[in-house]
Amino acid sequence: RGEFGDVDVNHRAANLFVNPLMAIYFAVDLAGLAESVAYLPRLADTETLYEVAAAIETYRVGVERRLWRAFPH
């Protein structure tokens, strides 16, 4: 329908906030996106959610991260 903002989608999800950028999420090449995830090889041997979290945290310790900015919407 092309609506965004506080949208009344149906009776179960009243006033759902729809960001106009959400359309991009469904048009992403997953394989290409996965190639850009630098810690992906660290996840190959993980089995539990804890192992995934630990692998990502270990990666994040050694990387300089960008400063957090609020998303304008």
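The values are calculated or read from the model by the stated rules, or taken from the named source; none is laboratory data. Not measured: the values here are computed from a predicted model. Ideal geometry is used to build each Cβ from the backbone, glycine not excepted, and the neighbour counts take in all protein chains shown. Heads up: the accessible areas ignore ligands, DNA and RNA and are worked out on the full protein's heavy atoms, side chains in. Shrake-Rupley method; radii C 1.70, N 1.55, O 1.52, S 1.80 Å.
At a glance:
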quantity	calculated
Subset of the stretch 40-73 (residues that are touching a residue at least 24 places away in the same chain (Cβ under 8 Å) and open to solvent by 100 Å² or more (accessible area, probe 1.4 Å))	H73
Some residue of the stretch 2-15 being modelled with pLDDT of 75 or more and either touching a strand residue (DSSP E or B) at 6+ places or on another chain (Cβ under 7 Å) or surrounded by 10 or more Cβ atoms within 10 Å (Cβ to Cβ) (or both)	no
Any hit, the stretch 37-54, residues being at pLDDT 90 or above, of a type in the set (K, R) and on the phi < 0 side of the Ramachandran plot	yes
Matching residues in the stretch 23-39 - criterion: being touching a residue at least 12 places away in the same chain (Cβ under 8 Å) and assigned to a helix (DSSP H, G or I)	none
Those residues of the stretch 20-39 which are over 14 Å from the mean Cα position of the chain (by Cα) and surrounded by 10 or more Cβ atoms within 10 Å (Cβ to Cβ), in sequence order	P20, E35, Y39
